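Undergrad: This is the structure, below, for whatever I ask next.
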Amino acid sequence: KPTKPVVPVVETPTFTYALPVSNPNGFTDLATRFLNVGDIVNNKFVVGSIERDDSGAFQFEVINNGTKTSEPWGYTVTLPDGDTYTPPKQAALKPNERAVISLGFDTPDKSSFTFIVVLKTEDRTESNNSFKRAINFSN
């Protein structure tokens with residue numbers, strides 16, 4: 001005797017978001033890491049290769065791995081033209097909050113450049129406050 005097929009029930013997931021809470025007795029631990037290379041097109045970061053003697057961009061992240069909201073923080077980046085870029089102080093980051101920074105630049109007529117990003121902050125772990133990343137430029 002044929003039976004009627006059972007129609008599966010699909011439950012719509014419910015997402016719960018919790019805003020980061022700062023522990024006033026906690027610690028801050030800002031960390032940075034390289035994310036991607038590409039270019040900035042119409043004020044948006046687009047992942048891709050970077051051509052030599054043209055323009056390009058790279059993205060990096062700063063995250064607060066600590067339990068306390070950070071103080072305003074800064075960073076410096078060495079650029080291919082020999083300059084060091086130092087923007088104004090950035091807004092404080094709550095625990096587990098992150099900032100993704102896209103930085104555009106003109107590329108030199110050479111095959112690569114090593115970018116150095118250094119956070120200007122006082123926190124628990126200094127070893128994760130900087131990185132070096134060699135980026136290749138295509139012909």
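The values are calculated or read from the model by the stated rules, or taken from the named source; none is laboratory data. As the structure is a prediction and not an experimental result, all values here were calculated from the model. Note that we place each Cβ from the backbone using ideal geometry, even for glycine, and neighbour counts take in every protein chain shown. Accessible surface is based on the protein model in full, side chains and every heavy atom, while ligands, DNA and RNA are left aside. Shrake-Rupley method; radii C 1.70, N 1.55, O 1.52, S 1.80 Å.
Undergrad: Where the second residue is aromatic (F, W, Y) and the first is under 27 Å from S130 (Cα atoms) and lies in segment 11-30, which pairs have Cβ atoms under 7 Å and are six or more apart or on separate chains?
TA: The qualifying pairs are L30/W73.
Undergrad: Can you name the residue in segment 22-35 that is of a type in the set (S, T, N, Q) and more than 18 Å from the chain's Cα centre (by Cα) and, of all such residues, is surrounded by the most Cβ atoms within 10 Å (Cβ to Cβ)?
TA: Among residues in segment 22-35 that are of a type in the set (S, T, N, Q) and more than 18 Å from the chain's Cα centre (by Cα), the one surrounded by the most Cβ atoms within 10 Å (Cβ to Cβ) is S22.
Undergrad: Condition check: over 27 Å from G48 (Cα atoms) and charged (D, E, K, R). Does E97 satisfy that?
TA: So E97 does not fit the description; no.
Undergrad: Could I ask something else about it? Considering only segment 88-139, how many residues are of a type in the set (S, T, Y), under 25 Å from P24 (Cα atoms) and surrounded by 14 or more Cβ atoms within 10 Å (Cβ to Cβ)?
TA: 1
Undergrad: Inspect segment 14-23 for any residue being modelled with pLDDT of 70 or more and farther than 24 Å from L93 by Cα and give the result as yes or no.
TA: Yes, because at least one residue in segment 14-23 is modelled with pLDDT of 70 or more and farther than 24 Å from L93 by Cα.
Undergrad: Next question, about the same structure. Where residues in segment 36-77 are open to solvent by less than 50 Å² (accessible area, probe 1.4 Å) and among the acidic types (D, E), which of them is farthest from D109 (Cα to Cα)?
TA: Checking each candidate, the answer is E61.
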